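These notes are about the structure you will find just below.
The values are calculated or read from the model by the stated rules, or taken from the named source; none is laboratory data. Only a predicted model underlies this, so the values are computations on that prediction, with no experimental measurement involved. Glycine also receives a Cβ, built like all others from the backbone with ideal geometry; neighbour counts cover every protein chain displayed.
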Amino acid sequence: MAQSPRTQGAKSGGQNPKGKSRRELAQKLVAENRQARRNYEIVDTLEVGVVLTGSEVKSLREGRANIAEAYAREEGGQIVMVNSTIPTYPPAGQFNHDPNRKRILLVKKREFNRLMGAVERDGRTLVPLELYFGGTGMAKIKLALATGRRAPDKRDVEKKRDWDRQKGRILRDRG
């Protein structure tokens, strides 16, 4: 019995030709904090869930969100994301949400204790890097435990990154 073109890829253990799993392919990036890697030294990252209302999810599905100025902090025994903006969803009418409200992040108790210990002890910051829909269709945030950089540090990192990029071009052109 010959396999149809549709079922041929199913035997490869859920992998497509590019080597990514179905879950990785299903992730849809909604918002990204591009300045975070420039302004902070990323120490650790963690994927966390976020509590949203229906109109917020609809707005995110349209790809409308801003986490550029956002950060997370502890309030009332839970981690809350502050300064993130999810614009209103016009068809929701009177059932719409507040675009700038604080959003609760879902973190396991052990991770919560670890993150809060690092923030209090080492003076680190919790910064959202990406907002996306995971493989299961749930909204997720890639949260980073980070240390702030000063202006000279930012320049040094930028010089090193430029030199590495230039070095790669030189090696590629020679080879």
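Annotations for the structure displayed:
- Candidates R101, R121, R150 - the one that is among the basic types (K, R) and either surrounded by 11 or more Cβ atoms within 10 Å (Cβ to Cβ) or in contact (Cβ under 8 Å) with a residue 12 or more places away in the chain (or both): R101
- Of the residues in segment 138-158, at least one is part of a loop (DSSP other than H, G, I, E, B), within 22 Å of L52 (Cα to Cα) and at pLDDT 90 or above.
- Taken together, the residues in segment 79-98 that are surrounded by 17 or more Cβ atoms within 10 Å (Cβ to Cβ), at pLDDT below 90 and within 30 Å of K109 (Cβ to Cβ) amount to 1.
- D98 being over 20 Å from V80 (Cβ atoms) and either of a type in the set (D, E) or touching a helix residue (DSSP H, G or I) at 6+ places or on another chain (Cβ under 7 Å) (or both): no
- Filtering segment 22-76 to residues that are farther than 30 Å from K160 by Cα and of a type in the set (A, V, I, L, M, F, W, C) leaves L25, A26, V48, V50, V51, L52, V57, L60, A65.
- Considering (1) at pLDDT 90 or above; (2) surrounded by 13 or more Cβ atoms within 10 Å (Cβ to Cβ), the lone condition that G76 does not fulfil carries the number (2).
- Output for segment 52-84, where each listed residue is among the aliphatic types (A, V, I, L, M), in a loop (DSSP other than H, G, I, E, B) and more than 15 Å from the chain's Cα centre (by Cα): L52
Residue-wise test of (1) modelled with pLDDT of 90 or more; (2) farther than 20 Å from K154 by Cβ; (3) of a type in the set (D, E); (4) crowded, with 17+ Cβ neighbours inside 10 Å.
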{"residue": "A26", "(1), (2), (3), (4)": "no, yes, no, no"}
{"residue": "Y40", "(1), (2), (3), (4)": "no, no, no, yes"}
{"residue": "E47", "(1), (2), (3), (4)": "yes, yes, yes, no"}
{"residue": "V51", "(1), (2), (3), (4)": "yes, yes, no, no"}
{"residue": "E56", "(1), (2), (3), (4)": "yes, yes, yes, yes"}
{"residue": "A68", "(1), (2), (3), (4)": "yes, no, no, no"}
